[in-house]
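Every read-out reported here was derived from the displayed coordinates using simple, explicitly stated rules and does not represent laboratory data. These numbers were taken from a predicted model, which means no experiment stands behind them. Using ideal geometry, Cβ is built from the backbone for each residue, glycine included, and neighbour counts are taken over all protein chains shown.
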Amino acid sequence: MMDGRTLYPEGHHPVRTDFLPDGANDARPFPRSSANVRYYYIDFGLSRLFEEGESPLVLGRTGRDKEIPELSNEVPYDAYRADVFALGNLYYKEFISKYHGLDLIQPLVDMMKWKNPAQRPSADAAFHIFESIYGRTDEALLRWRLRSRTESAPERVVYDTVAVAREGIYQLRKLIS
């Protein structure tokens with residue numbers, strides 16, 4: 001889930017998202033690279049609230065991701081470490097396997113998908129690793145488009161040309177302001 005409020009400082013219509021809440025005037029969202037967008041990983045159907053100090057050990061094989069190795073109806077497992085695996089698997093399936101240029105996060109995703117939950121980073125540790133990667137990465141690379149692994153050479157030329165133009169406009173605006 002994405003909290004896009006920073007993209008639309010004046011809000012947007014709930015159905016006609018290209019318009020302001022009044023439904024008549026154009027909304028002018030900021031680009032994602034210029035706004036502090038927050039993303040949330042949610043699975044309301046399987047959520048469990050743990051009180052402070054309560055053990056995160058759970059039982060159950062139900063869940064969206066059936067590949068989490070420790071899922072069990074008999075042996076308790078750490079729900080948080082299972083979430084880390086699920087996120088790593090999601091990042092792999094929805095991003096790394098579909099797009100070029102995400103090599104920087106491949107080692108982190110691999111760690112998040114380790115079979116042994118005790119060896120996986122905690123969510124907090126994974127976040128700090130990600131922040132470290134992000135901090136070392138050139139801003140232009142962070143703004144660059146994701147290139148589909150299935151796009152043809154002519155598509156790549158067109159999309160890369162558009163991306164270069166967008167980056168040029170971004171740099172020009174930055175220089176002027």
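A few points about this structure:
- Our summary gives the chain a relative contact order of 14 percent, counting only alpha carbon pairs under 8 angstrom and 6 or more residues apart.
- Calculated FRET value between GLU70 and ARG38, using beta carbons and R₀ = 25 Å, to 0.05: 0.30
- Nearest 10 degrees, 0 to 90: helix 153-176 Cα axis against the chain principal axis: 70 degrees
- Cβ-derived FRET efficiency at R0 22 Å, LEU141 paired with ILE176, nearest 0.05: 0.45
- In degrees, nearest ten, helix 123-136 long axis to first principal axis of the chain (Cα): 30 degrees
- Across the chain, counting alpha-carbon atoms alone, Rg and Dmax equal 20.1, 63 Å.
- Rounded Å value of the spacing that divides the Cα centres of region 30-69 and region 147-170: 33 Å
- Lysine pair count for the chain (Cα-Cα distance under 19 Å; residues 8 or more apart in sequence or on different chains): 6.
- Rough spin-label spacing in nm, given labels placed 7 Å along Cα→Cβ, for TYR80 and GLU51: 1.8 nm
- Förster-model FRET efficiency, 22 Å R0, ASP18 and GLU94, C-beta, rounded to 0.05: 0.30
- Debye-sum result for region 1-40 in log10 I(q)/I(0), which assumes one identical scatterer on each alpha carbon, at q = 0.14, 0.16, 0.22, 0.35 Å⁻¹: -0.28, -0.37, -0.65, -1.11
- Between LYS98 and any residue 5 or more places off or on another chain, the built amide H atoms are never under 5 Å apart.
- Summing charges over all other residues whose Cβ lies under 12 Å from the Cβ of MET1, with Lys and Arg as +1 and Asp and Glu as -1, gives -1.
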